Amino acid sequence: MMRKIPIRPKQIFNGERAASKEEPKLEIDKEGNILPHDEPAEEHRSEHEAELEREKRTNTREDQADGDDRDGSHHVGERARKEAPSQQTEDKLTREEMKYKKEDHIMPDFRELKRALEEQVGLNKSFDVVFREMVFGGSKVGIFYYNGFAKDTVLTAILDRLSYADGLGDSLNSNRAEEKTLSDSPIHHAITEEKGDKRVQLFMDALIPHIQVKQTNKLSEVIDNVSMGASAFFFEGSSSAIIVDTKNFPVRSTEEPDLERVVRGSRDGFVETLLTNVTLVRRRIRDPRLKLEIMRAGRRTHTDICLAYIDDICDHDLVEAIRDKIKTVKVDGLPLAEKQLEEAIVGTGWNPYPMVRYSERPDVVSVHLLEGHVAVFVDTSPSVMIMPTTFFHHVQHAEEYRQTPMTGSYLRWVRFIGIMASLFLLPLWFLLVTSPELKPAGLEFIGPQKAAKLPLLLQFLIAELGIDLMRMAAVHTPSPLATAMGLVAAILVGDVAVKTGLFVNEVILYLAVAAVGTFATPSYELSLANRLTRLALLLLAAVFKVPGLVIGTTVWFIYLATRRSYNAPYMWPFIPFNFKALNHIMVRKPFLSVKTRMSLTKTSDSTRQPEQ
């Protein structure tokens, strides 16, 4: 027969007590500033502290009034500007609030514990912060979690198991019973032997049915883990807590990414959950030497960052350099995930060309890990950074490796031609039209048959801006309306512009070819950078003719050749020249003929196939 346990009535929280009172009217000075109240911020402060606080606020108002009378509003504004922001924040908090805000140890008294949680995480202010009080085995237990992260099934199973503690309430005070219930346990955790820790050990060893459990006596560690989705169990009278991993993040399905579709191949892609992403890679690389290091960045967001590499293949100097860069990131947060982290650790500045490769495909990331690259996963992002990378990494696609070597090589060359056309077709055509003496024999037909109302350069610029405008509109257009928008752009805009004489047919034709080459570029970031380069070369050809195009192309090439991505030359293997590696880039080799890894990554083990 179960023993009944008396439960004390629930106390009214300070926030509820304060809400029941009539709120005092706000006092406003002549400049519109809200003055602090005379009443103490918390009802349970001592009378002495309240009196000191009232005197301090009264003196502050008198000093401000005297300052206004003597110097006017200029004196008040000058004093406010001189005061440091941190000092202003501390002045707005009482001594008790500052005490609980900086508290890091777990208080045995639930009343003080909840006050600390009120100041540090907004308990009773934020609706999703929950502190549930229950009684198990004669002990008062507080469950602390964020409502959106808690997994109901796991917590329900734990609470169901804790209900068996009712018969152990008296045994917690018996040394003989402790010897029986607290036997040698396979669970290894720190036992500090502080007040109430024997009770925590009993709950941890025998009563919480979960595989990821941890004990701690630091409130900051509890708050950090709960903010990541865990749930914390506090025990009244104990200075320790138990953290249980019960996270349940909202996540979409691992569908194929839109930017890296293939005709044949896997259809899964990364999502916004870090654990799911690393599991997709772990499923493909079952090597125990695959290391996944977890780090954090962002003072407020505490964003999880995972460094992935194969220990006996990668260059450890590269791993150390990336790790050190991430540790030096001191920012408020990384809400835009991998892009902000890239700018923080790579430092591209105003360079439009991508220094890292992004991928949303687990198979692509796995291939690069086997080549000796380092992958950086950032929580809340489906894109994974691959480092180091070169210009030629951005022009390869998984579709080439899903076909036969001959077909894959053909597709690769077609893609190269499209990328070159997106860069140089428009400047070359414009140069031949504006300088007819440069036309080779047999190409006299190049050029418009009749002049348009707008200059050629202006036509190109308007058409370029129009394509970018349509691209941005397509992103914000619902899928059912995307086809209708394409028809409007192609028929109503393009056709009418030619018939009215504003544009020349050839301008639309060559610009469409260049746009197709841009869209055929596998890397979205590289296609945007090539578009800016095309505009610059077009302007140089229009202003300086042949010297402008030649000098512009030379400067562009030298600029890329001098870039480095974590000590890797950006134009490798063209500069510095490596014939064997360049041959692998130009031609898609059969799988078994590639026996060594590329020298760019300086791998510890360069052999791709075991020796027979």
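The values are calculated or read from the model by the stated rules, or taken from the named source; none is laboratory data. The structure presented is a predicted model; accordingly, all values stated were derived computationally and were not measured. Cβ coordinates were reconstructed from backbone atoms using ideal geometry, including for glycine residues, and neighbour counts include every protein chain displayed. Note: areas computed on protein heavy atoms with side chains; ligands, DNA, RNA excluded. Shrake-Rupley method; radii C 1.70, N 1.55, O 1.52, S 1.80 Å.
Here are some notes:
- Only protein heavy atoms count here; on that basis, with a 1.4 Å probe, Tyr566 has an accessible area of about 50 Å².
- For segment 501-580, accessible area per residue (1.4 Å probe, heavy atoms of protein chains only), Å²: 49
- Calculated on C-alpha atoms, the gyration radius of segment 261-413 divided by its Kirkwood radius gives an Rg/Rh of 0.97.
- The order of the peptides 318-331, 227-240 by mean Cβ neighbours within 10 Å, most packed first, is 227-240, 318-331.
- The residues of segment 319-431 have, on average, 38 Å² of accessible surface per residue, using a 1.4 Å probe with all protein chains present.
- Each Lys and Arg adds +1 at its Cβ and each Asp and Glu adds -1 at its Cβ; summed about the Cα centre, segment 341-393 shows a dipole of about 100 debye.
- The slack in the chain from Lys218 to Ala441, taken as 0.36 nm per residue of separation less the alpha-carbon distance, amounts to 72.1 nm.
- Members of Lys499/Lys545; Lys101/Lys140; Lys101/Lys330; Lys247/Lys602 lying beyond 32 Å, as alpha-carbon distances in this model show: Lys247/Lys602
- Among the protein heavy atoms of segment 407-467, carbon and sulfur supply 74% of the accessible surface, probe 1.4 Å, non-protein parts ignored.
- Segment 97-165, Cα convex hull volume normalised per residue, Å³: 93
- Here Thr94 and Met134 are evaluated by their C-beta separation; at R0 = 35 Å the FRET efficiency comes out at 0.65.
- The simple Förster model, with R0 at 56 Å and r as the Cβ-Cβ distance, assigns Ile551 and Ser227 a FRET efficiency of 0.55.
- Cβ-defined net charge surrounding Asp332, 11 Å radius [Lys, Arg +1; Asp, Glu -1]: +3
- Cα gyration tensor category, rounded, prolate or oblate, for segment 367-488 with a/c compared to 1.5: oblate
- Base-10 log of normalised Debye intensity for segment 238-350 (one unit scatterer per alpha-carbon) at q = 0.11, 0.12 Å⁻¹: -0.50, -0.60
- Loop-located chymotrypsin sites (Phe, Trp or Tyr not before Pro) in segment 365-470 whose Cβ has at most 13 other Cβ within 10 Å (DSSP): Phe445
- Whole-angstrom gap from segment 212-237 to segment 542-612, using each part's C-alpha centre: 50
- Order of exposure, largest accessible area first, which applies to His302, His105, His393 with probe 1.4 Å: His105, His302, His393
- Globularity index of segment 487-572 is 1.41 (Cα radius of gyration / 2.2 N^0.38 Å, N = number of residues).
- Whole-Hz couplings from phi, Karplus 6.51/-1.76/1.60, listed for segment 203-211; x for Gly and Pro: 5, 6, 6, 10, 10, 10, x, 8, 8
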